[in-house]
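Encoded as structure tokens, the structure appears first; notes follow it.
The values are calculated or read from the model by the stated rules, or taken from the named source; none is laboratory data. Just so we're clear, the structure is a prediction, and the values are computed from it rather than from any experiment. Cβ placement follows ideal geometry from the backbone for every residue including glycine, while neighbour counts extend to all protein chains displayed. The accessibility values were calculated without ligands, DNA or RNA, using every heavy atom of the protein model including side chains. Shrake-Rupley method; radii C 1.70, N 1.55, O 1.52, S 1.80 Å.
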Amino acid sequence: MTPSNNLFASIDMGTNSFKMLIIQTDKIGKFLTIDRHKDPVCLGRDFSSSISKESLFRAVSCLKRFNQVLKANKISPQQTICVATATVREASNAFDFKRSVLESIGFEVSVLSGEEEARFVYLGVLQFLPVFDKRVLVIDIGGGSTEFVIGERGNVVFGVSLKLGHVGLTQKFGKDWNLMEMREFVKLVIKESELAEKVKDFGGFEVVVGTSGTIRAIERAVFNGYGKECVEGNEVLLRDCKREWKFSRGELSGVVERVCREGEEERVKRDGFFKRRSEFIVAGSVLLEEIFEAVGIEEMEVSEYALGEGVIAETLSKVFEGYDLNANANARWHSAVRLATRFSGKKGIKSAAQCSSIAKEIFEGLRKWGEVAGNQINVFLDVKDLECLEAACLLHNIGLITSKKGYHRQSYHIITNGNHLQGYSAEEVKLIALLTRHHRKKFPKFDGGSLQEFAEELKQKFRVLCAIIRLSVVLQQSDGLNFQDMEFLHSQEGFKLIFREAGAIASFPLPEDMGKELRNELEHFKIVFQQNLLLEVLPE
């Protein structure tokens, strides 16, 4: 299979939710989830031994909506992987369910075994955290089951699936929340599975990683101080921007104690913080606390990537020869992705990814022109410069987590005050931070201020990269451009950046305020490169 573009999608049909991921990648392993769609289908609701007609109807309706998104993004069926987990795995009418999905939408559904599910979760973790060389215990709490897997250097050495999930526990104990009975039930299932003994027999672990929405919600609660008292605004984020994706046993216990409090006031606070996950967070957090106790876990790292990303990573390893499943192989890129994911929402990540795509096209076009024209930009651009530019594009809008006003300065603050970016030199981190700081507002002066400590060559590089990122940020604001289909060219008349329209949306002329910004950035581009840049939009 030769991919038609660099977008792939996975659909995970879980017990509680159906989740679709759209991932931007390339053959060297630069992997980024740029869009997420989630629908609380509740396939396991009222589940006894088969999937009900009502659940099937909700499932097909959801998948039809997902399919519309895939078509809008021009993601082919060959680049879409659809998997089902616990509920379909246990359903007596699983074959009929798969046939209905195929006939209604055209999706081939792969029903994963518990062991396969655990393996894909581990592969997903490897795309997010630099733990390839460590012995990792991965825990994924789903709606109908919890997966445990021990992996090392990309290989699974142990995997098991227990029928303990936040939806199942809520249905069993949630009517009057007899927490003592629920805890005893969880302890019994874990004890009868001999989980702790098996983990020990297989050599134990160096690090524990949690995935799934439940564990990410708990980490977010810890990060925002929910286990102490709900924090209003972003005071914790500003004070503790060095925090990594992890929490301790004590911090987990603080969150569990808070979510289990009774009373209408606490329920309102819980619903306000956890939103749609609020219904299941009591069961999910208590389950995780019992797992910590049974296995002897003191600290858990958290991966934003899990099953869906693992399914795509496996596919890419077959599509691209030599594709490296080891996140350590692209440590610089992945550290930037983790930081962007930490502070940006879904919309922010998608905008940042589009900005990065535009910037990369312009950079590589300029680099080719420089080689042909005898380096007329008076500075040598290399792969590391591109990596810094791409990182700055991913991170330019992370300051929006505080407020829109002055967010570019807050982006600079987060980058320079946290040891987030791994594999970059101190000079490169400063360069990335300054590019985020100056991606908007006044075009910077290059003969003083924050650039004084830079050597002359680095100042010239900053000048070039700054012109690129500023233009890319403005262009990515247009809904009508297809950022997967563009080309940067040079002729005697100057440079030309060609886009295709995205669907039937007219791209130009642009709204007045955006048009003014674009004209300003095109003028800056002309000053830096001494040539005009013409933008052209072709029909879809």
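Close amide H partners of CYS82, meaning residues 5 or more places away or on another chain with modelled amide H under 5 Å apart, are ILE11, SER110.
Skip the ligands, DNA and RNA, and give the accessible area per residue of the chain with a 1.4 Å probe, whole Å².
Details: 24040 Å² over 540 residues.
Averaged over the residues of the chain, the accessible area is 45 Å².
Which entries of LYS318/LYS346; LYS461/LYS526; LYS384/LYS442 have Cα-Cα distances beyond 19 Å here? Before the final figure, lay out each step's value.
Numbers: LYS318/LYS346 28 Å; LYS461/LYS526 16 Å; LYS384/LYS442 26 Å.
Flagged as over cut-off: LYS318/LYS346; LYS384/LYS442.
One decimal place: the segment LYS347-SER253 gains 30.6 nm when fully extended, by the rule 0.36 nm per residue minus the C-alpha distance.
Under the membrane-span-like helix rule (DSSP H runs whose alpha carbons stretch at least 27 Å along the helix axis, mean Kyte-Doolittle hydropathy 0.5 or higher), the chain yields 456-475. Taking all Cα pairs closer than 8 Å and separated by 6 or more residues, the relative contact order of the range 450-503 comes to 26 percent. Diffusion coefficient of the range 122-208 by Stokes-Einstein, Kirkwood radius over Cα pairs, 10 °C, 1.306 mPa s: 113 µm²/s.
Once neighbouring chains are kept in place and the probe is 1.4 Å, which whole percent of the accessible area of the chain is contributed by carbon and sulfur?
On the way: 11640 of 24040 Å².
Roughly 48 percent, rounded to a whole number.
Once the Cα-Cα distance is subtracted from the 0.36 nm per residue extended length, the GLU262 to ASP133 segment shows a gain of 42.1 nm. Just so you know, the Cα atoms of the range 76-137 work out to an Rg and Dmax of 14.9, 44 Å. When LYS246, LYS461, LYS441 are compared by accessible area at a 1.4 angstrom probe, the order from most to least is LYS441, LYS246, LYS461. With both labels modelled 7 Å from their Cα along Cα-to-Cβ, the ARG276 to LYS187 distance reads 3.5 nm.
For the range 1-124, taking Cα atoms only, Rg and Dmax work out to 14.5, 45 Å respectively. The accessible area of HIS439, taken with all protein chains in place and a 1.4 Å probe, comes to roughly 10 Å². A simple packing score, the average count of other Cβ atoms within 10 Å per residue, orders the peptides 286-299, 305-318, 82-95 as 305-318, 82-95, 286-299, with the highest score first.
Which whole-number percentage describes the relative contact order of the chain, with Cα contacts under 8 Å and a sequence gap of 6 or more? All intermediate terms of the calculation are to be shown ahead of the outcome.
Numbers: 917 pairs, mean separation 70.5, N = 540.
Contact order relative to length: 13 percent.
Relative to the globular-protein estimate of 2.2 N^0.38 Å, the Cα radius of gyration of the chain stands at 1.02.
Pairs of Cα atoms under 8 Å, at least six residues apart: use those to get the relative contact order of the range 58-179, whole percent. List each step's numbers first, then the result.
On the way: 150 pairs, mean separation 21.6, N = 122.
Reported relative contact order: 18 percent.
For a quick protection proxy, order the peptides 180-189, 210-219, 404-413 by their average other-Cβ count within 10 Å, most packed first.
Numbers: 180-189: 14.8, 210-219: 24.6, 404-413: 17.2.
Those peptides, ordered most packed to least, come out 210-219, 404-413, 180-189.
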